[in-house]
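J.: Please see the structure below; I have some questions.
Every number here is computed from the coordinates shown, using simple stated rules; none is lab data. Just so it is clear, the structure is predicted and the values come from calculations on it, not from any experiment. Using ideal geometry, Cβ is built from the backbone for each residue, glycine included, and neighbour counts are taken over all protein chains shown.
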Amino acid sequence: MAGSGWGPPRLDGFILTERLGSGTYATVYKAYAKKDTREVVAIKCVAKKSLNKASVENLLTEIEILKGIRHPHIVQLKDFQWDSDNIYLIMEFCAGGDLSRFIHTRRILPEKVARVFMQQLASALQFLHERNISHLDLKPQNILLSSLEKPHLKLADFGFAQHMSPRDEKHVLRGSPLYMAPEMVCQRQYDARVDLWSVGVILYGVGQAQLDPIPSQPALCLPSTEALFGQPPFASRSFSELEEKIRSNRVIELPLRPQLSQDCRDLLQRLLERDPSRRISFQDFFAHPWVDLEHMPSGESLARAVSSQWRRTALVVQAVKKDQEGDTPAALSLYCKALDYFVPALHYEVDAQRKKAIKAKVIRVP
Ligand code: ADP
Ligand code: MG
């Protein structure tokens, strides 16, 4: 980095060590706080001399957005600093690396795992959507994993993110060609819905990973890691081929294999709709049966199912009533709904004692 020749730059209060990755503007290093806590962090270093007016604005927006938000599936910005050479974003360290590397090493990502990741990404996007923030550079390299043992997904790199209210339209090309929505490229006029297209491309690549681990030839427009596993829908060997595919009117066809659930296929098809007015809406995406944020295994569903038992209790009470009235189908449906709140909680809970307690409650539901 600037000022230090080879190796990581120096920053007061931290020891910068290995390089974790780099992207459009930045190099990210693992670092330790010199304070007694020895906290491990990731420091995103941006060389001032590499910045032009637009990228300064992007960096300021990234800092402004990240410092104002806190979400379990969005990387946390802890602090930022600068010196004569660099600007430093001090962030929560994600030991699992990024999703593109995760797919690369796993080779196969079963639908079940893809679904959990998609739910976590959707919950981050829901949080941003409620605040009128669009990410605009959604791709596996910008999605990090908290650890490899028990990976939790963390959305990162808000370098292109923008405040965009529902009717806001933008015209500037942002993001990475493979993940860019057709309306951004073709009309140069787009809104928040471009993020939904990118989610579709990410999911398509993940689904494809099971089908075709090694393509016959590396493609020019593919980052090498993904080229090995799955191909985004517009995988191309040249930019002109890519442009042709983006501009075409052809419906995106999903390969017949691997065997994915009908819900998963339906979601993919609705995300990868070229016309944004026919693309799935944000609300329908969050509620889609394959995403189903309402029943997502998370601290929230735990809270819903265990701490605030009102929902389950209400459902069970209604079920018992229907049962007594002899309306067995209605009773069964209510019992099943109550269970929907327990099963994800069970999946998420790691503490053995608490797991047992939830299990006992589930068993008690007749
Ligand atoms: P750029 O804006 O230059 O694309 P990113 O924020 O995307 O920079 O970071 C580049 C790469 O560095 C990521 O793709 C990821 O591999 C790695 N990285 C970024 N932030 C972290 C972090 N907090 N923990 C671990 N690795 C990270
Ligand atoms: Mg990036």
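J.: Net charge around HIS135, counting only other residues with Cβ within less than 9 Å of its Cβ (Lys, Arg = +1; Asp, Glu = -1)?
T.: -3
J.: For the pairs LYS49/LYS245; LYS170/LYS337; LYS30/LYS139; LYS112/LYS322; LYS150/LYS170, flag any whose C-alpha to C-alpha distance is greater than 30 Å.
T.: Flagged as over cut-off: LYS49/LYS245; LYS170/LYS337; LYS112/LYS322; LYS150/LYS170.
J.: Along the Cα→Cβ direction, 7 angstrom out, place labels at GLN324 and THR105. What is the inter-label distance in nm?
T.: 5.6 nm
J.: While we're on this one: Residue by residue through the stretch 186-197, which ³J(HN,Hα) values in whole Hz follow from phi under the Karplus form 6.51 cos²θ - 1.76 cosθ + 1.60 (θ = phi - 60°), with glycine and proline marked x?
T.: The phi angles translate into 7, 9, 6, 8, 8, 9, 4, 5, 4, 4, 5, 4 Hz.
J.: Considering amide H positions built from the backbone, and no H for Pro or chain starts, which residues 5 or more places from PHE93, or on another chain, come under 5 Å of its amide H?
T.: The answer is ALA42.
J.: Fully extended, how many nm does the chain gain between THR24 and GLU39 (0.36 nm per residue separation, minus their Cα-Cα distance)?
T.: Computed gain between THR24 and GLU39 is 2.7 nm.
J.: If R₀ is 22 angstrom, what is the calculated FRET efficiency for the pair SER333 and ASP266, using the beta carbon separation as r and rounding to 0.05?
T.: The computed FRET efficiency comes out at 0.50.
J.: Sequence-distant or interchain residues sharing an amide H contact under 5 Å with ILE133, placed H: which?
T.: Amide H neighbours of ILE133, under 5 Å, 5+ apart: MET164.
J.: Based only on other Cβ atoms within 10 Å, what is the fewest-to-most ordering of PHE285, PHE160?
T.: The most exposed by this proxy come first: PHE160, PHE285.
J.: Here's something else I'd like to know. Please arrange GLU169, GLU111 by how many other C-beta atoms lie within 10 Å of their C-beta, fewest to most.
T.: Going from least to most buried by this count: GLU169, GLU111.
J.: Using the Karplus equation 6.51 cos²θ - 1.76 cosθ + 1.60 (θ = phi - 60°), what ³J(HN,Hα) coupling, rounded to whole Hz, does each residue of the stretch 52-65 give in order, writing x for Gly and Pro?
T.: Coupling constants for the stretch 52-65: 9, 4, 5, 6, 5, 4, 4, 5, 5, 5, 4, 5, 4, 5 Hz.
J.: Now for a different question. What's the extension gain from ARG131 to ILE69 if we count 0.36 nm per residue and subtract their Cα-Cα distance?
T.: 21.4 nm
J.: Same structure, new question: Can you compute the FRET efficiency between ALA314 and TYR32 using 1/(1 + (r/R0)^6), with r the Cβ-Cβ distance and R0 = 45 Å? Round to the nearest 0.05.
T.: It comes to 0.35.
J.: Mind running the shape call on the stretch 32-167? Use the C-alpha gyration tensor, a ≥ b ≥ c as the square roots of the eigenvalues: rounded below 1.5 for a/c, prolate if a/b tops b/c, oblate otherwise.
T.: Verdict is oblate for the stretch 32-167.
J.: What is the extension gain from GLN81 to SER50, computed as 0.36 nm multiplied by their sequence separation minus the C-alpha to C-alpha distance, in nm to one decimal?
T.: 9.5 nm
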